[in-house]
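Chemist: Structure in structure tokens, see below.
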Amino acid sequence: MPDPTFPRPIGIIFIEDVEKRKKSWPHLDFDQDACSYFLLQMNSIQNLFEFQVITLYVPSDYTLPDKTENIFDWFKELVGSTKLKEFGIKDWIGITSENLPGNLLLESERIDEENTASIITSYKWQKLRSPPSVFEHIVISILNVALYALDMQFNDDPDNSFLNSHYATRGCLFDYVDWLQHARIGVANPQICSSCKNDLLSLAEEIKTRTKSKIQIIDEINKFSQENGWEISKQEILQYIT
């Protein structure tokens with residue numbers, strides 16, 4: 001049975017050498033410390049997830065992928081490794097600036113009975129899709145994949161998920177965004193469409209049945225769209241950008 005405790009821990013790994021930064025490969029096209037400050041603001045405004053930035057060191061903790069590897073396949077192997085199991089976290093998110101297979105912005109997958117792996121890319125976001133900022137894109141994407149991970153943890157049938165993306169662009173958190181220029185719509189003003197609200201209500205009911213938890217998923221998600229919370233974070237983050 002899934003752990004009934006909320007907030008649920010989510011491990012976040014920035015995929016670059018934390019000491020060499022832009023001299024490493026792969027490396028990020030933004031400052032990971034500034035991004036960490038921004039995304040960890042989420043822990044103070046909602047109770048669904050507890051996001052944790054886990055710093056790993058090269059080469060003592062892990063080895064970065066080489067240029068021929070599929071970076072998501074590499075990350076899934078890392079999530080299944082003994083090193084990450086030491087943290088007791090079941091859901092992991094990798095953040096990269098490399099292009100993902102299929103030109104995707106994010107991807108999520110269950111890697112075994114207990115663990116999920118997700119990856120988010122900032123590839124060319126600042127150049128092609130900003131505003132909104134790359135940090136806002138990462139934060140909303142983290143919320144998106146964390147919800148998919150929650151679905152996978154409480155769903156025994158991966159072919160019949162509670163949550164599903166939709167090809168129609170509705171400015172919804174679960175837009176598939178086949179046309180990548182539409183990605184900025186849901187990031188700038190994150191909403192949940194009516195059909196996805198019903199899906200989230202079904203997921204919440206399943207969680208309640210299996211764990212007795214009365215977590216209000218939609219209410220918790222709505223806290224992300226509070227204008228004042230975002231504006232304060234965007235102003236404060238400026239002093240941390242290098």
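The values are calculated or read from the model by the stated rules, or taken from the named source; none is laboratory data. None of the values given here were measured: they were computed from a predicted structure. Here Cβ is always computed from backbone atoms with ideal geometry, including for glycine, and neighbour counts include all displayed protein chains. Accessible surface is based on the protein model in full, side chains and every heavy atom, while ligands, DNA and RNA are left aside. Shrake-Rupley method; radii C 1.70, N 1.55, O 1.52, S 1.80 Å.
Chemist: Note down all Cβ pairs under 8 Å where the first residue falls in region 91-112 and is on the phi > 0 side of the Ramachandran plot, the second is surrounded by fewer than 18 Cβ atoms within 10 Å (Cβ to Cβ) and modelled with pLDDT under 95, and they're at least six residues apart or on different chains.
Modeler: So the pair list comes out as ASN103/LEU180.
Chemist: Looking at region 203-219, can you tell me whether even one residue there is within 18 Å of the chain's Cα centre (by Cα) and either free of Cβ contacts under 8 Å to residues at least 12 places away in the same chain or not in a helix (DSSP H, G or I) (or both)?
Modeler: Taking every residue of region 203-219 in turn, none turns out to be within 18 Å of the chain's Cα centre (by Cα) and either free of Cβ contacts under 8 Å to residues at least 12 places away in the same chain or not in a helix (DSSP H, G or I) (or both).
Chemist: Considering only region 120-144, state which residues are under 8 Å from the mean Cα position of the chain (by Cα) and not hydrophobic (A, V, I, L, M, F, W, C).
Modeler: Answer for region 120-144, where residues must be under 8 Å from the mean Cα position of the chain (by Cα) and not hydrophobic (A, V, I, L, M, F, W, C): SER141, ASN144.
Chemist: With the structure loaded, tell me whether ILE15 is open to solvent by less than 60 Å² (accessible area, probe 1.4 Å), within 21 Å of ALA146 (Cα to Cα) and touching a Leu at 6+ places or on another chain (Cβ under 8 Å) or whether it fails that test. Full working, then the answer.
Modeler: Numbers: open to solvent by less than 60 Å² (accessible area, probe 1.4 Å): yes; within 21 Å of ALA146 (Cα to Cα): yes; touching a Leu at 6+ places or on another chain (Cβ under 8 Å): yes.
Judged against the criteria, ILE15 is a match.
Chemist: Another question, if that's okay. Looking at (1) of a type in the set (Ser, Thr, Tyr); (2) farther than 19 Å from TRP92 by Cβ; (3) assigned to a loop (DSSP other than H, G, I, E, B), find the lone condition where THR5 falls short.
Modeler: (2)
Chemist: Which condition number in (1) assigned to a strand (DSSP E or B); (2) touching an Asp or Glu at 6+ places or on another chain (Cβ under 6 Å) is the one that VAL58 fails?
Modeler: Only one criterion in (1) assigned to a strand (DSSP E or B); (2) touching an Asp or Glu at 6+ places or on another chain (Cβ under 6 Å) is unmet by VAL58, namely (1).
Chemist: Considering only region 150-163, how many residues are among the acidic types (Asp, Glu) and open to solvent by less than 10 Å² (accessible area, probe 1.4 Å)?
Modeler: 1
Chemist: Okay, moving on. Conditions: (1) modelled with pLDDT of 85 or more; (2) out of contact with any Pro (no Cβ under 6 Å at 6 or more places or on another chain). ILE185 meets all but one. Number of the miss?
Modeler: The failed condition is (1).
Chemist: Residues that are among the basic types (Lys, Arg) and closer than 25 Å to LYS223 by Cα: does region 7-25 have at least one? Quick ask: steps written out before the conclusion?
Modeler: Initial filter on region 7-25 (among the basic types (Lys, Arg)): 8, 20-23.
Checking which are closer than 25 Å to LYS223 by Cα leaves us with 8.
Scanning region 7-25, I find at least one residue that is among the basic types (Lys, Arg) and closer than 25 Å to LYS223 by Cα, so the answer is yes.
Chemist: In region 192-242, which residues are surrounded by fewer than 16 Cβ atoms within 10 Å (Cβ to Cβ), within 21 Å of THR169 (Cβ to Cβ), modelled with pLDDT of 90 or more and not hydroxyl-bearing (Ser, Thr, Tyr)?
Modeler: Of everything in region 192-242, those that are surrounded by fewer than 16 Cβ atoms within 10 Å (Cβ to Cβ), within 21 Å of THR169 (Cβ to Cβ), modelled with pLDDT of 90 or more and not hydroxyl-bearing (Ser, Thr, Tyr) turn out to be LYS197, ASN198, ILE218.
Conditions tested, residue by residue: (1) open to solvent by less than 30 Å² (accessible area, probe 1.4 Å); (2) in contact with a Leu (Cβ under 9 Å, 6 or more places away or on another chain); (3) of a type in the set (Ser, Thr, Tyr).
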| position | (1), (2), (3) |
| --- | --- |
| PHE30 | yes, no, no |
| CYS35 | yes, yes, no |
| GLN41 | no, no, no |
| PHE49 | yes, yes, no |
| LEU56 | yes, yes, no |
| ASP61 | no, no, no |
| ASP73 | no, no, no |
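Chemist: Would you check if GLN41 is farther than 24 Å from GLU77 by Cα, in a loop (DSSP other than H, G, I, E, B) and in contact (Cβ under 8 Å) with a residue 24 or more places away in the chain?
Modeler: no
Chemist: Quick one: which residue in LEU100, LEU147 is within 12 Å of the chain's Cα centre (by Cα) and open to solvent by less than 10 Å² (accessible area, probe 1.4 Å)?
Modeler: None of the other options fit; the residue is LEU147.
Chemist: How about region 103-144: which of its residues are of a type outside the set (Val, Ile, Thr), assigned to a helix (DSSP H, G or I) and crowded, with 17+ Cβ neighbours inside 10 Å?
Modeler: TRP125, PHE135, GLU136, HIS137, SER141, LEU143, ASN144
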